[in-house]
1. Kindly list the residues of segment B:136-172 that lie in the label zone of B:Ala32, defined by a backbone N under 16 Å from the point 7 Å along the Cα-to-C-beta vector.
2. At 7 angstrom along the Cα-to-beta-carbon line, where would the label on A:Tyr40 sit relative to the other copies? Give the distances in nm, shortest first.
3. What number, in percent, do you get for the relative contact order of chain B if the mean sequence gap of Cα pairs under 8 Å and at least 6 apart is divided by its residue count?
4. Could you give the length gained by full extension between A:Met1 and A:Ser106, i.e. 0.36 nm per residue of separation minus their alpha carbon distance, to one decimal place?
5. Taking only C-alpha pairs under 8 Å that are 6+ residues apart, what is the relative contact order of segment A:118-187 in percent?
6. Counting heavy atoms of the protein chains only and a 1.4 Å probe, report the per residue accessible area for segment B:118-187 as a whole number of Å².
7. What distance in nm lies between label points placed 7 Å from Cα along the C-beta direction at A:Ala134 and B:Ala134?
8. Just add up the charged neighbours of A:Leu125: K/R +1, D/E -1, any other residue whose Cβ is under 12 Å from the Cβ of A:Leu125.
Number of protein chains: 2
Amino acid sequence: MLELAVLGLLKEHDLHGYELRKRLGDLLGTGAAVSFGSLYPALSKLEAAGAIRVVTPPGNAGGHSATMAGRVPGRKRKVYGITTAGSALFQQLLTERRSAPLDERSFSLRLAFASYLSPELRLGLLERRRTLLAERLAELAATTGKPRGNRYVQLLAERERDSLSRDLSWLDRLITDERAMGRLAVHN
Amino acid sequence: MLELAVLGLLKEHDLHGYELRKRLGDLLGTGAAVSFGSLYPALSKLEAAGAIRVVTPPGNAGGHSATMAGRVPGRKRKVYGITTAGSALFQQLLTERRSAPLDERSFSLRLAFASYLSPELRLGLLERRRTLLAERLAELAATTGKPRGNRYVQLLAERERDSLSRDLSWLDRLITDERAMGRLAVHN
DNA sequence: GTTGGACATATCGGCTCGATACATCGAGTG
DNA sequence: CACTCGATGTATCGAGCCGATATGTCCAAC
């Protein structure tokens, strides 16, 4: 999850951890922002694996033009860049369909990077997510007949139902678009 | 999170782990079902803390009417029941407003048990969740002006915006209802 | 009678979160 | 000018949760 996100963002720009977090925040919505307690270990791990490397080592940074010698000017940020191995890892993580979790967060992340996928894989991603949500909705509809516990549980279930059907329509729209674009591409 | 859920469900019925998981599943939606890897350790912990206890010990269970003696009939389920201390813990976990996480799951869980809250605390719960979502929406609106990355990121952001405003309306409706019920109760 | 699937409990490694600590920097305030 | 405060920035730790996996029981269907 996090590794995919980091690699994907570094594919576009070199970034340091703090900034990475912010970008991730408005990529997936503030609610899904990742914590530093996950981010920094993940960065260390990716660096150890050779997927990313420190581009601006501490002691070499900053826009300080005329600060004098021994002071070690902008000693703070660790700016990371992606390596060739990192790009390969990114593609691998993004592509592998098996066991790919399709929860809200993973799905959103993958969709955000969907431009790096082939049209077929992109469509597959959308369809698998659609299947998952459809199953949930069916399951929910099955239990809806029975009397639910209290008022609040009932409200929760209704909201869930609405939310699911809205997401399904949204996905259907996306899928239709994808198919249309696919046909268009073929005709060119 | 999980502890609150377990205690809340056991307040209504004695249950064993597997069944607990199912109930939790259709209480919060199948997507939010808890894993056994969290559930069983949580049960052990709660039992050790004296909040729950095994009601039907293994070796004593089952509807087997005429199975003979030494066979140890329904030796499988471990049915748990809540203790007095457990009820107290439940109230405490449900009530403590400070540091209560308001993410989707926690909120839904608390709302599902909202009947155990005083009208004031119930209203507070809804309002704090509302505030959170409103902040997110504002933040999102702020970044919406700027050009987003690719097409998919943009779609994701739009979806998020719609979803947030829907949830806000939903919450507003609930809040209004709560206030109305409060006034009604006062008039009786 | 045996094979397959639902039921049921349990553990383990790995990921993520929230809290916490610490250090730097720029902007404002007295 | 010294001071403080809040944003920036990196890092670690404990606890909680998930997914995979192992193991065993019960029942029905073939």
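1. B:164, B:167-168, B:170-171
2. 3.5
3. Numbers: 172 pairs, mean separation 35.5, N = 188.
Over chain B, the number comes to 19 percent.
4. Full extension of this stretch gives 37.2 nm more.
5. Answer for segment A:118-187 is 53 percent.
6. Values: 4020 Å² over 70 residues.
Solvent-accessible surface per residue comes out at 57 Å².
7. Rounded to a tenth, the inter-label distance reads 4.0 nm.
8. +2
The values are calculated or read from the model by the stated rules, or taken from the named source; none is laboratory data. Worth saying up front: this structure is predicted, and the values here are computed from it rather than measured. All Cβ positions, glycine included, derive from the backbone under ideal geometry; neighbour counts span all protein chains shown. Side chains included, ligands, DNA and RNA excluded: accessible areas come from the protein's heavy atoms. Shrake-Rupley method; radii C 1.70, N 1.55, O 1.52, S 1.80 Å.
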